[in-house]
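Structure first, commentary second.
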Amino acid sequence: MKLPSESELLRVFIGESDKRGGRPLYQVIVEEARRRGMAGATVLRGTLGFGVHSRIHTSKVLRLSEDLPMVIEIVDTPERIEAFLPDLDKLVEEGMITIEKVRVLAYRHGEKGKG
């Protein structure tokens, strides 16, 4: 797959404890993106953050949280991102979804066993 240099970055901010069908929501989102043939997805686990309720979520030992911030990032064409939004909106009951324009400089992989 080749990405155009002018693509979009979709970010989904949720909590680690968010679930859909008994499974982690971040996993459900990534698997749906893969099923759709999107360029790729990455899940990042935050160590500190707060959201709409202004409740601090942290990984500090003295304040253990079971609901650390999670960010799913997906870069793809604007058309594929737009097509994903209605289903994503149904999945994310609490959190934030953002989109921004990005310039893709490289999107490549090396061949296995080469070199």
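Annotations
- Every residue from region 71-115 that is exposed (fewer than 12 other Cβ atoms within 10 Å of the Cβ) and either aliphatic (A, V, I, L, M) or part of a loop (DSSP other than H, G, I, E, B) (or both): Glu93, Leu105, Ala106, Arg108, His109, Gly110, Glu111, Lys112, Gly113, Lys114, Gly115
- Cβ-Cβ distances below 8 Å connect the following pairs, each with a first residue in region 1-24 that is assigned to a strand (DSSP E or B), a second residue that is of a type in the set (S, T, N, Q), and a separation of six or more residues or different chains: Ser7/Thr77; Glu8/Thr77; Leu10/Thr98; Arg11/Thr98; Phe13/Thr98.
- Extreme residue, surrounded by the most Cβ atoms within 10 Å (Cβ to Cβ), among residues of region 21-47 that are more than 15 Å from Asp67 (Cβ to Cβ) and among the charged types (D, E, K, R): Glu32
Only the coordinates and a few stated rules stand behind these numbers; no lab work does. As the structure is a prediction and not an experimental result, all values here were calculated from the model. Note that each Cβ is placed from the backbone with ideal geometry, even for glycine, and that neighbours are counted across all protein chains shown.
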